[in-house]
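Notes for the one structure printed next.
Read-outs: derived from the displayed coordinates by stated rules, not from any lab. It should be emphasised that the depicted structure is a prediction, and the values quoted were computed from it without experimental measurement. Counting neighbours? That spans all protein chains shown, and the Cβs are built from the backbone with ideal geometry, glycine included.
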Amino acid sequence: MNHSTIRSARATPPGATIKREILERGWTQKEFARILGRPEQFVSDLLSGKRILTPESAIQLEAALDVPAAFWLRREANYRLWLEQAKANDQVEAIRSRRREAAA
């Protein structure tokens, strides 16, 4: 199998899942910020994908939502990788072309 061509059509930030989780619990963003002990702007940025989810934040999410920190960190890593792959498409193709030329 050629893994270099397997790519998700669209990745979503972990904030989309967090938002769904807090809505299912009937919490507002303000309430969730209070639960986390973080500013409302932090929660807003996290939900929109503007803020990178750190290990510290993942541990706080685990405590608040009872979803493992590792889950949140994997979601974050996959989302950020997808963003970079989308930006780097031309550069990646140039590298692959040079690799093929070197192998010939």
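Only one residue in A63, A11 is small (G, A, S) and part of a helix (DSSP H, G or I). Which one?
A63
So which residues in segment 19-37 are hydrophobic (A, V, I, L, M, F, W, C) and touching a helix residue (DSSP H, G or I) at 6+ places or on another chain (Cβ under 6 Å), if there are any at all?
Across segment 19-37, the qualifying residues are I22, F32, A33, I35, L36.
For segment 41-51, does any single residue satisfy the condition of being out of contact with any strand residue (DSSP E or B) (no Cβ under 8 Å at 6 or more places or on another chain), over 23 Å from R10 (Cα atoms), not β-branched (V, I, T) and not in a loop (DSSP other than H, G, I, E, B)?
Yes, segment 41-51 contains at least one residue that is out of contact with any strand residue (DSSP E or B) (no Cβ under 8 Å at 6 or more places or on another chain), over 23 Å from R10 (Cα atoms), not β-branched (V, I, T) and not in a loop (DSSP other than H, G, I, E, B).
Quick one: Q85 ticks every box in (1) free of Cβ contacts under 8 Å to residues at least 60 places away in the same chain; (2) within 17 Å of the chain's Cα centre (by Cα) bar one, so which box is it?
In the conditions (1) free of Cβ contacts under 8 Å to residues at least 60 places away in the same chain; (2) within 17 Å of the chain's Cα centre (by Cα), Q85 misses (1) alone.
Is it the case that segment 59-75 has a residue that's free of Cβ contacts under 8 Å to residues at least 60 places away in the same chain, surrounded by 12 or more Cβ atoms within 10 Å (Cβ to Cβ) and on the phi > 0 side of the Ramachandran plot?
No.
In segment 34-58, which residues are buried (at least 18 other Cβ atoms within 10 Å of the Cβ) and without any contact (Cβ under 8 Å) to a residue 24 or more places away in the chain?
Residues satisfying the conditions are V43, S57, A58.
Quickly run through segment 35-64 and pick out the residues that are over 18 Å from the mean Cα position of the chain (by Cα) and farther than 16 Å from K19 by Cβ.
G37, P39, A63
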